[in-house]
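Colleague: Please see the structure below; I have some questions.
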Amino acid sequence: MGFRAWITDYSKGDGLRLYWRLFFWRQRMKKGFLYQVLTFCLNRMAHRHGGYIGNGATLSDIPSLPHGLHGVYISRYANIGPGCRIYHNVTIGEVDGRAPSIGANCLIGAGAVLVGDIRIGDHVKIGAGAVVARDVPSHSTVVAPPPRILAGGATAPDSESER
């Protein structure tokens, strides 16, 4: 990356390379003093970028964050698969110590809220503003309001009675 690209990336507040390097380093270590120091540094960096990723969150790969970490809250109990794209102001929250498990290659739209002990399948698209509190099968689309699952993507009803 050239200097101009680096300074542009840094000035937008999206320079999270160091954050992710430290995050995965901490994820591989055992609890101890260095673990606590890394947790402190990561929390400060995330706060600077306007987001939060919990201490025990499991990410199998760096998620794509087109708007940076701005407004993104990921619970410490969350599980996120590889290739996920998470837009701004998304909440992946917990209920009674249980958080969502998100499959591979999912897209989570701006302002979406995922809460509770739910399983989001692979290749799922969750629309902006959707509130998801139950399981979503693979290759589905969730839109809101009100939240509803469109199996296999957006499909039109066959007859007038189904509308």
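Colleague: What order do Lys125, Lys31 take when sorted by accessible area (1.4 Å probe), most exposed first?
Modeller: Highest to lowest solvent-accessible surface, that is Lys31, Lys125.
Colleague: Same structure again: For Val131, list long-range residues whose amide hydrogen, built 1.01 Å from N in the peptide plane, is under 5 Å from its own amide hydrogen.
Modeller: Amide H neighbours of Val131: Val113.
Colleague: Relative contact order of the chain, please, whole-number percent, based on alpha carbon pairs below 8 angstrom and at least 6 residues apart.
Modeller: The normalised contact order for the chain reaches 12 percent.
Colleague: Check which residues have an amide H placed less than 5 Å from Gly83's amide H, if you skip close sequence neighbours.
Modeller: The answer is Asn105.
Colleague: If the chain between His47 and Leu18 were fully stretched, how many nm would it gain, using 0.36 nm times the residue separation less the Cα-Cα distance? Could you put the intermediate results ahead of the total?
Modeller: Details: separation 29, 0.36 × 29 = 10.44 nm, distance 1.44 nm.
Extra length available between His47 and Leu18 comes to 9.0 nm.
Colleague: Would you mind computing the Rg to Rh ratio of the chain from its alpha-carbon coordinates, Kirkwood style for Rh?
Modeller: Over the Cα atoms of the chain, Rg/Rh equals 1.04.
Colleague: How big is the charge dipole of the chain about its Cα centre, in debye rounded to the nearest 20, if each Lys and Arg gets +1 on its Cβ and each Asp and Glu gets -1 on its Cβ? Walk me through the numbers before you get to the answer.
Modeller: On the way: 18 positive and 11 negative charges, 183 e Å.
The dipole magnitude comes to about 880 debye.
Colleague: Among DSSP bridges having both ends in segment 98-155, what percentage is antiparallel? Round to the nearest 5.
Modeller: Counting only bridges with both partners in segment 98-155, antiparallel ones make up about 30 percent.
Colleague: Seen from all sides and averaged, what is the projected area of the convex hull of the Cα atoms in segment 82-141, in nm²?
Modeller: Seen from a random direction, the Cα hull of segment 82-141 projects 3.3 nm² on average.
Colleague: Could I ask something else about it? Report in % the part of the accessible area of the chain that belongs to carbon and sulfur, leaving out ligands and nucleic acids; probe 1.4 Å.
Modeller: About 55 percent, which is the carbon plus sulfur part of the accessible surface.
Colleague: Keeping every protein chain in place, order Asp96, Asp117, Asp61 by accessible area at 1.4 Å, biggest value first, i.e. largest first.
Modeller: On the way: Asp96 150, Asp117 100, Asp61 70 Å².
In descending accessible area the options line up as Asp96, Asp117, Asp61.
Colleague: Top mean-square fluctuation among Arg21, Arg76, Arg119, Gaussian network model of the chain, C-alpha springs under 10 Å?
Modeller: Arg21
Colleague: Ala133 to Ala110: FRET efficiency via 1/(1 + (r/R0)^6), r the Cβ-Cβ distance, R0 22 Å, to the nearest 0.05?
Modeller: 0.75
The values are calculated or read from the model by the stated rules, or taken from the named source; none is laboratory data. All figures in this text were calculated on a predicted structure; none of them were measured in a lab. No Cβ is skipped: glycine too gets one built from the backbone with ideal geometry, and neighbour counts run over all protein chains shown. Surface accessibility is based on the protein's heavy atoms, side chains included, excluding ligands, DNA and RNA. Shrake-Rupley method; radii C 1.70, N 1.55, O 1.52, S 1.80 Å.
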